[in-house]
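The values are calculated or read from the model by the stated rules, or taken from the named source; none is laboratory data. Since the structure is predicted, the reported quantities are computational estimates derived from the model, not experimental observations. Backbone-built Cβ (ideal geometry, glycine too); neighbour counts: all protein chains shown.
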Amino acid sequence: MTAQQEHVASVVILDIPVAAVGLDGAVERVSRMVAAGGHHHIVTVNPEFLVMARYHLPFRAVLQQAALATADGAGVVLAARLHGTPLRGRVTGSDLVVALAQRAAREGWRVFLLGAAPGVAELAAAALCVMAPNLKVVGTFAGTPHERDAKEILARLAHARPDLLFVAYGAPSQDLWLAHYLGQTTAAVGIGVGGAFDFLAGRTPRAPLIMRQCGLEWLYRLWRQPWRARRMLALPAFAALVVRDVLARRLLRMRHGGGVG
């Protein structure tokens, strides 16, 4: 990865640095990255990501090396607070896509939507163009994160010459794909956005705003998609790991303070 990581306040949660930025701050960071050029990989991390990264070492390395990692999940925000570094709220992939599309429309950035099921990226692009008039969507393609599709995807991206690349293959596939291939594209910024295209396309309804604000979007998604119950097992594991980590750090500080005194 060739991204230059700009200094920003962050908190390390389970070995992954998460930036203390809100949505507006994240958009400003992306704007500076596009202006700077190069290739910058952004990740939006939730508790499931952080638990997965404990045993999926390539995924952990990608998260650690990202140009910017935002908190996508109420659990991550709470964990940061326990570590003594309050964050400025969640920055989800879905919210970031919309906010960046609106900035892209103003700045003239070229945007490409890659991933999701066939036809979904096109519907998502149409929705974004309504929310961000004059948005330059230079391409959409489903494809897959498999190596066999890489040649065709890269050819499409070379023709489209995007500045901003949204990839919706789910974690860890989307982030591993970006880590491997972003440098072979013209995109200054690549972001894994999970189910954002499905939300935008109307294929999957988002939780009501009040539930999102209360950090209960996960509960709504579980109700709408019961099959997610197995994935939700990561939540208690995440809580246990965070509590253990916080207690270990406090114990270390107490021992260090006692030794100095």
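In the set Val130, Val97, only one residue is buried (at least 22 other Cβ atoms within 10 Å of the Cβ) and not polar (S, T, N, Q); that residue is Val97. Filtering Ser94, Ser31 for residues that are under 22 Å from Arg106 (Cβ atoms), among the hydroxyl-bearing types (Ser, Thr, Tyr) and under 15 Å from the mean Cα position of the chain (by Cα) leaves a single hit, Ser94. For first residues located in region 101-125 and at positive phi, partners that are assigned to a helix (DSSP H, G or I) and among the small types (Gly, Ala, Ser) and lie 6+ apart or on another chain with Cβ distances below 8 Å form the pairs Gly115/Ala121; Ala116/Ala124; Ala116/Ala201.
Reported count of residues in region 66-91, each being among the polar types (S, T, N, Q) and over 19 Å from His40 (Cβ atoms), is 1.
Of all residues in region 150-181, which are crowded, with 19+ Cβ neighbours inside 10 Å and either among the hydroxyl-bearing types (Ser, Thr, Tyr) or farther than 25 Å from Pro47 by Cβ (or both)? Show your work before the answer.
Taking region 150-181 and keeping what is crowded, with 19+ Cβ neighbours inside 10 Å, we get 153, 157, 160, 162-169, 171-172, 174-175, 177-179, 181.
Matches in region 150-181: Ile153, Leu157, Ala160, Pro162, Asp163, Leu164, Leu165, Tyr169, Tyr181.
Within the set Gly73, Gly25, the sole residue that is closer than 19 Å to Ala99 by Cβ and in contact with a Phe, Trp or Tyr (Cβ under 9 Å, 6 or more places away or on another chain) turns out to be Gly73.
This table checks each residue for (1) in a loop (DSSP other than H, G, I, E, B); (2) β-branched (Val, Ile, Thr); (3) over 19 Å from the mean Cα position of the chain (by Cα).
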{"position": "Val111", "(1), (2), (3)": "no, yes, no"}
{"position": "Pro118", "(1), (2), (3)": "yes, no, yes"}
{"position": "Gly139", "(1), (2), (3)": "no, no, yes"}
{"position": "Arg148", "(1), (2), (3)": "no, no, yes"}
{"position": "Gly170", "(1), (2), (3)": "yes, no, no"}
{"position": "Ala187", "(1), (2), (3)": "yes, no, no"}
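Identify, by number, the condition in (1) part of a loop (DSSP other than H, G, I, E, B); (2) of a type outside the set (S, T, N, Q); (3) modelled with pLDDT under 95; (4) surrounded by fewer than 23 Cβ atoms within 10 Å (Cβ to Cβ) that Val91 doesn't meet. Going through (1) part of a loop (DSSP other than H, G, I, E, B); (2) of a type outside the set (S, T, N, Q); (3) modelled with pLDDT under 95; (4) surrounded by fewer than 23 Cβ atoms within 10 Å (Cβ to Cβ) one by one, Val91 breaks only (4).
Would region 54-64 turn up any residue that is among the aliphatic types (A, V, I, L, M), within 20 Å of Thr185 (Cβ to Cβ) and touching a Pro at 6+ places or on another chain (Cβ under 6 Å)?
If we filter region 54-64 for residues that are among the aliphatic types (A, V, I, L, M), which is where we start, we get 57, 61-63.
Within this subset, residues satisfying the condition of being within 20 Å of Thr185 (Cβ to Cβ) are 62.
Now restrict to residues that are touching a Pro at 6+ places or on another chain (Cβ under 6 Å): none.
No, region 54-64 contains no residue that is among the aliphatic types (A, V, I, L, M), within 20 Å of Thr185 (Cβ to Cβ) and touching a Pro at 6+ places or on another chain (Cβ under 6 Å).
Only one entry of Ala116, Ala80, Ala104 meets the criterion of being over 30 Å from Phe238 (Cβ atoms) and of a type outside the set (Asp, Glu), and that entry is Ala104.
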